[in-house]
1. Using unit Cβ charges (K, R positive; D, E negative) and no other charged atoms, how large, in debye to the nearest 20, is the dipole of segment 73-203 about its Cα centre?
2. Need the full-extension length gain, GLU71 to ARG35, defined as separation in residues times 0.36 nm minus the C-alpha distance. One decimal, nm.
3. What full-extension length gain, to one decimal in nm, is calculated for ASP93 and LYS145 as 0.36 nm per residue of separation minus the Cα-Cα distance?
4. Just name one of ALA123, ILE96, ILE173: the one whose Cα is farthest towards the positive end of the charge dipole of segment 83-203 (beta-carbon charges, Lys/Arg +1, Asp/Glu -1).
5. Treating cross-link reach as a plain straight distance, find the lysines whose alpha-carbon is under 25 Å from the alpha-carbon of LYS132, omitting any fewer than eight places away in the same chain.
6. Sorted by average packing, counted as other Cβ atoms within 10 angstrom per residue and highest first, what order do 116-129, 144-157, 171-184 take?
Amino acid sequence: MGESCDLSLSVTNVVEHAFCPRFTYFQLVLGIQQREEKRGTVIAGRELHRRHSTTNRNYIIAGVKGKKFVEAYMYSEKLQLSGKIDEAIETADEIIIIERKYSDYVNVGETLKTQLGLLALLAEENFKKRVKRAIVIFQKKHHVKIRVNITEKTKGFALKVLQNTHSVIQTGIMPRSKQDNRCINCCYRKLCPPNRLRSQVTN
């Protein structure tokens, strides 16, 4: 990161940028906050994390040996970045990140790669141990567990998204965005110019 990037961001901020860069513009440039309390999936996901952090604090996934910790808050002055690992296993030579998703759609896309890459960077700096892998559990109606390798490429990709997030904040210019099914339930859909134009045409 450059010396001019003096604004501290959260991992969530950057993951939202990976989902759609206009989240950064509306929320961090214009100061228009999301209304997540109205989004059922968000609430259900938070409840999933709360339940596992309070009722399964000592449970360790089969095949993984080490010390489990939950809700570890981390900060990097170098990256001007903060984040929280909901669950992780510490072994003799590595930190294994465990991430739960309230979804049955099993996909390691850009948002998840960004999240895992940034959490890995924070964990390596804060715990002084390598992060080589993560276990992602997709659970809504089903329960699917996958292992994701955390490579230098993964972390490099996440750093690039972090840099792009800072760039939007510094320039204050609305970035381009892909228009797809993600727009349907977006909390900013009524403010986003392309969507507003499209609704006027159809009406």
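1. Roughly 600 debye, rounded to the nearest 20.
2. Here the segment from GLU71 to ARG35 would lengthen by 10.6 nm.
3. Here the segment from ASP93 to LYS145 would lengthen by 16.4 nm.
4. The residue sitting most towards the positive pole is ILE173.
5. LYS65, LYS67, LYS68, LYS78, LYS84, LYS101, LYS113, LYS145, LYS153, LYS155, LYS160
6. On the way: 116-129: 21.1, 144-157: 14.5, 171-184: 11.6.
Ranking, from highest mean packing down: 116-129, 144-157, 171-184.
Read-outs: derived from the displayed coordinates by stated rules, not from any lab. Everything quoted here is computed from the prediction, not taken from an experiment. Don't worry about glycine lacking a Cβ; one is built from the backbone with ideal geometry, like all the others, and counts go over all protein chains shown.
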